[in-house]
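Undergrad: Shown below is the structure under consideration.
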Amino acid sequence: MARVEKLHYITQGASHEEVIKEVKDVICGGCRWIQLRMKNSSQEQIIDVANIIMPICKAAEAVLLINDSVEVCIASNADGVHLGKSDMPLAEARTILGADKIIGRTCNTIDDVVSLNGTSVDYIGAGPLRFTSTKKVLSPTLGFDGYRGLVASTKVQIIAIGGIVTDDIHELLQLGVYGVAVSATIYNAEDRVATTAHFIELLKK
């Protein structure tokens, strides 16, 4: 499995063109872990986009994960999947994808995190830190203090998600969070390349 990166970028564009542009931008900024998320698109459309951006990611030695769908991961030969709490069970996904694919899982509570101890999960996406407009159904926000208990409950690397901005990085790292997943803050930035690079620089400290 590839080393889990500290910055995960989650795509937000709805069209082929938008996704290709944002993926190229964040890769140019140094991001090497990208999650393809196209919530309002058909499986066929997502496969088409994944097949276009896979070579872009490979050329940059970047990881491409598929949000929610093991089927799309297989069809596009992506590097793995990120599974939400209502998606396929981890053990089933691992059986289908095998040991070499990356599998991340969403968690919102300490019980969620503890339930993954001793499993084959590669990282945990934990959140939301605060309200975010990119999710239609949002779990209760954790706030900074919420991460303290999550980190103490597992040895799996925790990636914080949910409305994260650059000013949050220092405190999250102090709490023991391994990295962050970002979507809107980078997608809506005036300069995506520079914003991506700034996140990465802060995560190195």
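A short reminder: the numbers here are calculations on the coordinates, not readings from a lab. All figures in this text were calculated on a predicted structure; none of them were measured in a lab.
Undergrad: Going through the DSSP H helices of the chain, which span 20 Å or more along their own axis at the Cα atoms while scoring at least -0.5 as a mean Kyte-Doolittle hydropathy?
TA: Working: long enough: 43-59 (24 Å, 0.69).
The qualifying helices are 43-59.
Undergrad: Taking θ = phi - 60°, what integer Hz values does the Karplus form 6.51 cos²θ - 1.76 cosθ + 1.60 yield along segment 176-181, in sequence order, with x for Gly and Pro?
TA: x, 5, 6, x, 9, 10
Undergrad: Give me the Kirkwood hydrodynamic radius of segment 19-76, using the inverse of the mean 1/r over all pairs of distinct Cα atoms, in Å to one decimal.
TA: 11.3 Å
Undergrad: Test of understanding: in a Gaussian network model of the chain with alpha carbons linked when under 10 Å, which of 50, 160, 152 would top the mean-square fluctuation ranking?
TA: With Cα springs under 10 Å in the chain, the top fluctuation among 50, 160, 152 is at 152.
Undergrad: Next up: Have a look at 35, 174, 43 and tell me which one the Gaussian network model of the chain (Cα, springs below 10 Å) gives the largest fluctuation.
TA: 174
Undergrad: What's the whole-number percent of alpha carbon pairs in the chain lying beyond 21 angstrom?
TA: Values: 10213 of 20910 pairs.
The answer is 49 percent, as a whole percent.
Undergrad: Still on this structure: What share of Cα pairs, in percent, lie more than 19 angstrom apart in segment 1-119?
TA: Values: 3125 of 7021 pairs.
Tail fraction, whole percent: 45.
Undergrad: For segment 35-41, in order, what is each residue's ³J(HN,Hα) by Karplus, 6.51 cos²θ - 1.76 cosθ + 1.60 with θ = phi - 60°, in whole Hz (x at glycine and Pro)?
TA: Each residue's phi maps through the Karplus curve to give 10, 7, 10, 9, 5, 9, 10 Hz.
Undergrad: Would you calculate the volume per residue, in Å³, of the smallest convex hull containing every Cα atom of segment 159-205? Each step should come with its number before you reach the end.
TA: Values: hull volume 2.9 nm³, N = 47.
Per-residue hull volume (Cα only) is 61 Å³.
Undergrad: Assuming a ≥ b ≥ c are the square roots of the Cα gyration tensor eigenvalues, decide whether segment 41-100 counts as rounded (a/c under 1.5), prolate (otherwise, with a/b larger than b/c) or oblate.
TA: On the way: a/c = 2.17, a/b = 1.40, b/c = 1.55.
Since a/c reaches 1.5 but b/c is at least a/b, the shape of segment 41-100 is classed as oblate.
Undergrad: Same structure again: DSSP beta bridges in segment 7-204, what fraction antiparallel, as a percent rounded to 5? If you can, show how the numbers build up before the last one.
TA: Working: 0 of 26 bridges.
Percent antiparallel among DSSP bridges in segment 7-204 is about 0.
Undergrad: While we're here: Would you kindly state how much longer the chain becomes between residue 56 and residue 205 on full extension, computed as 0.36 nm times their sequence separation minus their alpha carbon distance, in nm to one decimal?
TA: Values: separation 149, 0.36 × 149 = 53.64 nm, distance 2.82 nm.
So the chain would gain 50.8 nm between residue 56 and residue 205.
Undergrad: Another question, if that's okay. Which value in Å does the Kirkwood hydrodynamic radius of segment 58-154 take, with 1/r averaged over all unlike C-alpha pairs and then inverted? Walk me through the numbers on the way to the answer.
TA: Values: mean 1/r = 0.0696 Å⁻¹.
After inverting the mean inverse Cα-Cα distance, the result is 14.4 Å.
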